[in-house]
């Protein structure tokens with residue numbers, strides 16, 4: 001075989017293997033046996049071994065390759081991976097529909113529903129048809145690069161599939177697909193993002209657990225945990241050994257008009273998608289929900305409900321986002337699993353703000369795939385509302401299949417030996433008096449230097465600074481040894497202080513100190529999070545950072561100034577103002593600066609585009625379409641997928657599509673890329 005013949009044979013083998021991958025993993029059918037397909041793969045492997053210059057990243061032989069990673073790299077999502085609001089009953093679902101109609105101004109709305117797969121959400125990025133990156137959801141803005149591991153999953157294509165003429169014809173007939181989108185399907189040019197769920201089928205999960213049990217090894221509680229743990233293995237060969245699958249449920253904007261069209265496109269591009277369908281009414285969705293509930297056990301993968309969204313994508317995106325949740329989508333979950341158990345004791349934990357939280361220790365109970373030993377009681381008011389006592393038999397619920405919660409006390413089961421739960425008068429950690437906050441239900445430790453508060457604040461700061469090499473137990477130990485008294489002490493740790501401790505050698509001591517010292521530069525939003533300001537989590541910290549831009553501006557802001565920031569109410573404003581006027585907190589910030597902490601200023605985001613709607617068409621050269629959308633939304637504007645009389649501006653790049661013609665027809669103002677960027681800078 002000549003070199004040229006080998007090259008052609010390799011290319012043909014890759015095409016045929018990709019074709020049969022699509023049949024098996026997307027269409028659930030086979031034309032040849034597994035043995036025959038394995039033979040083709042074996043031949044490809046041999047040819048590539050003989051002619052390594054013809055090995056390409058999209059070759060099936062490269063699904064498992066490379067050495068194990070030391071750690072996962074962080075990657076920023078072009079567009080946030082948002083969360084979904086949960087509802088658990090038809091009245092709650094109908095309330096969501098009413099809100100959709102109210103904010104969209106529509107009298108009727110069509111829906112698209114699909115199974116809510118119980119797995120790990122990931123983002124896949126394809127460049128000119130080739131898979132270049134896979135990332136976990138992370139915090140929605142920043143995830144972990146899992147590209148090597150994702151490539152080991154057969155149901156994730158390494159290259160996007162080009163639809164055939166018959167499929168294109170059917171697409172045009174069913175959805176009146178735009179010419180621009182059809183052109184992109186033919187060329188697969190540019191960047192295409194697909195999101196979906198990595199999961200493990202029920203039968204494969206049971207088979208793996210049976211094998212582990214036979215070997216005397218630890219089994220897994222549920223497929224979700226196994227899937228998440230498998231995809232986060234630093235060694236991709238371990239991931240490859242696990243029976244992982246992928247189903248897609250989102251396709252970034254390519255010009256599709258509905259979610260139904262997007263799902264059809266996903267299958268054509270080579271993906272198995274989440275099972276779903278269009279629905280024209282609440283009743284249609286209800287019937288689908290009830291049917292899925294009856295068929296739940298027969299579905300080959302775990303689901304915990306239906307995801308229901310507005311089918312029309314223009315309406316969906318125009319509805320916008322509330323906090324971290326799009327208005328146009330909801331998760332209608334099955335009734336949470338319940339079980340009865342006994343409250344054996346109640347412990348009170350002290351958080352970073354000093355708040356005491358009661359946690360019930362319950363008799364170990366298997367529920368929703370996990371063994372539960374603890375359940376939150378939230379606060380003293382919740383204890384009184386439930387009337388719960390130590391020794392009570394209670395109904396335990398995993399709300400949304402996640403958080404264990406006591407929902408009811410079975411008082412008829414009482415024997416008379418139950419004990420009343422009392423709020424401790426002194427802190428369970430430091431012994432200081434416990435006080436109740438004015439006009440609030442919370443009880444707090446009065447000691448600002450409480451050990452538990454110190455530990456939680458330091459741990460919270462370590463997470464904000466992204467110091468991964470130190471955990472809760474190590475921090476607790478360092479506090480006991482006097483090495484840490486405040487979060488800023490993390491940056492004062494010395495190698496000789498650590499290396500002599502049990503469990504730490506010189507190498508591990510150097511490694512920890514080096515990691516901490518490498519994290520001295522921090523974004524303003526992350527620094528605000530690290531300060532543990534009451535009522536200020538990551539989202540609020542990011543809002544404040546975008547509005548004020550610097551730590552100095554925030555510290556000098558009045559309560560009224562703070563309330564001018566988006567979504568900052570009086571309670572949060574007073575808490576932030578009170579924090580920065582406190583002398584101890586001022587000293588803490590000054591100590592951070594003295595230790596060389598660099599707080600990177602963030603560009604102040606004015607909502608200069610408030611109420612304006614933009615449509616993007618064509619290829620932008622100096623900015624990606626995803627970046628353009630993010631900047632528009634950050635400035636308060638809306639992004640639509642189609643042009644109407646309500647559109648304020650159409651941004652036109654090179655090779656614009658029909659949206660440009662529609663803009664001229666309706667008299668909508670057209671902006672060149674240069675004019676658009678100028679408007680953003682204003």
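The values are calculated or read from the model by the stated rules, or taken from the named source; none is laboratory data. Only a predicted model underlies this, so the values are computations on that prediction, with no experimental measurement involved. FYI the Cβ positions are ideal-geometry reconstructions off the backbone, even for glycines, and counts take in every protein chain you see.
Annotations
- Among the residues making up the range 255-279, those that are surrounded by fewer than 20 Cβ atoms within 10 Å (Cβ to Cβ) and part of a loop (DSSP other than H, G, I, E, B) are 257, 275.
- Every condition in (1) in a loop (DSSP other than H, G, I, E, B); (2) under 30 Å from residue 463 (Cβ atoms) holds for residue 148 except the one numbered (1).
- Scanning the range 362-374 finds no residues that are outside any strand (DSSP E or B), modelled with pLDDT of 85 or more and surrounded by 16 or more Cβ atoms within 10 Å (Cβ to Cβ).
- Test result for residue 458, under 23 Å from residue 537 (Cα atoms), in the same structural domain as residue 594 (by TED's automatic domain parsing), touching a helix residue (DSSP H, G or I) at 6+ places or on another chain (Cβ under 7 Å) and without any contact (Cβ under 8 Å) to a residue 24 or more places away in the chain: no
- Residue list for the range 483-499, restricted to those being modelled with pLDDT under 90, within 17 Å of residue 594 (Cα to Cα) and part of a helix (DSSP H, G or I): none
- Scanning the range 642-659 for residues that are in contact (Cβ under 8 Å) with a residue 40 or more places away in the chain and either surrounded by 21 or more Cβ atoms within 10 Å (Cβ to Cβ) or in the same structural domain as residue 311 (by TED's automatic domain parsing) (or both) turns up just one, 659.
- Residues satisfying the criterion are absent from the range 40-63 (criterion: in contact with a strand residue (DSSP E or B) (Cβ under 8 Å, 6 or more places away or on another chain), farther than 21 Å from residue 237 by Cα, buried (at least 17 other Cβ atoms within 10 Å of the Cβ) and not assigned by TED's automatic domain parsing to the domain that holds residue 273).
- Residue 120 passes every criterion in (1) in contact with a strand residue (DSSP E or B) (Cβ under 8 Å, 6 or more places away or on another chain); (2) loosely packed, with under 14 Cβ neighbours inside 10 Å apart from (2).
- Count of the range 98-118 residues which are in contact with a helix residue (DSSP H, G or I) (Cβ under 6 Å, 6 or more places away or on another chain) and in a helix (DSSP H, G or I): 2
- The condition of being at pLDDT 90 or above and not assigned by TED's automatic domain parsing to the domain that holds residue 306 holds for only one of 395, 390, 403, that being 390.
- Evaluation of residue 132 against (1) in contact with a strand residue (DSSP E or B) (Cβ under 6 Å, 6 or more places away or on another chain); (2) surrounded by 16 or more Cβ atoms within 10 Å (Cβ to Cβ); (3) free of Cβ contacts under 8 Å to residues at least 24 places away in the same chain (one fails), failing number: (2)
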